[in-house]
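Just so it is clear, none of the values below were taken in a lab; they were calculated from the coordinates. Small disclaimer: the values here were computed from a predicted structure and weren't measured. No Cβ is skipped: glycine too gets one built from the backbone with ideal geometry, and neighbour counts run over all protein chains shown.
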Amino acid sequence: MKRKQNWLNHLFNFLAVILGVYLAFLINEKAKNNQDNNESRTLMASLVNDLSEDIRDYEKYQIPVNIQHQQNVESLLNLLLTDSLEAISDQIPAILSVENFAPTTSTYSSMKASGKLGLIDDLALQKSLTGYYEGLAVENIRKGDFQVDYFTNELMTWLTNNVDLTNMQLIHTDELMVFRNKLIIYGSLISQKVESYEMSVESSRVLKLQIESILDSE
């Protein structure tokens, strides 16, 4: 009888150990899941903040400023069709500026580099984030860089050779056709960049709503 009781005690002790280990595992797993969920929500909230700031910068400054820049280029192109050299000279300073914008990618880049992009369980959202930050955002930067390169290498080179930059006076009027052709290309680059910025605003809004709907549902 005593042996039977010892056997039962051993069995109960063994089951108690197994149950304790299992409960500890469940508690740790639940704590880990809660931690991951909290971190995921924090990261998504940071993404919403990044997107909100980008939308505001695009709409309040970058798009209007670049549209105005495009209009200044068009005004100069129209003047080049006339014989008003003084008006052309007066308009040249209006095109001597470049405004580019790089979307805020710090949160996404940090998530990807640390492997925390996987904390977002929604695969559709992961795909949307990748498409936006590694697609459209990169395209915006490249278009801006291309505009700067063209402005520096083509327009500024022409202006340096054909304009007295101190007084903004044309000195070689026989090169105006070349200038006009360069401006046509330059205006096209600005137009493409503005279109890309406008696409970014729409994509940012959709992505922001997608993230907010997940945050609200949890």
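Modelling each spin label as a point 7 Å along the Cα-to-Cβ direction, I'd like the Lys116/Glu202 distance in nm, to one decimal.
Distance between the two pseudo-spin positions: 3.3 nm.
With r as the distance between the Cβ atoms of Glu53 and Val178 and R0 = 41 Å, compute the FRET efficiency 1/(1 + (r/R0)^6) and round to 0.05.
After rounding to 0.05, the efficiency reads 0.50.
Highest mean first, how do 160-166, 51-57, 146-152 rank when packing is the count of other Cβ atoms within 10 Å averaged over residues?
Output ranking for 160-166, 51-57, 146-152: 51-57, 146-152, 160-166.
Using only the alpha-carbon atoms, how far is helix 176-217 inclined from the longest principal axis of the chain? Give it as 0 to 90 degrees, nearest 10.
Value to nearest ten degrees: 20.
From the cross-link list Lys143/Lys182; Lys116/Lys208; Lys60/Lys193; Lys60/Lys182; Lys60/Lys127; Lys127/Lys208, which pairs have alpha carbons spaced over 24 Å apart?
Lys60/Lys182; Lys60/Lys127
Counting only helical runs of four or more DSSP H residues, what would the 222 nm mean residue ellipticity of the chain come to if each run contributes -39,500 (n - 2.57) and the total is spread over all its residues?
The helix contribution divided over the chain gives -25500 deg cm²/dmol.
Kindly state, as a whole number, the per residue volume in cubic angstrom of the convex hull around the alpha carbon atoms of the chain.
133
What is the chain's relative contact order, in percent, from Cα pairs under 8 angstrom and six or more apart in sequence?
Once normalised by length, the contact order is 31 percent.
Between Ile67 and Gln35, what length comes free when the chain is fully extended (0.36 nm per residue of separation minus the Cα-Cα distance, one decimal in nm)?
Extra length available between Ile67 and Gln35 comes to 6.9 nm.
With the chain treated as a Gaussian network of Cα nodes joined by springs under 10 Å, which of Ala113, Ala137, Ala102 yields the largest mean-square fluctuation?
Comparing Ala113, Ala137, Ala102 in a Gaussian network model of the chain, the most mobile one is Ala113.
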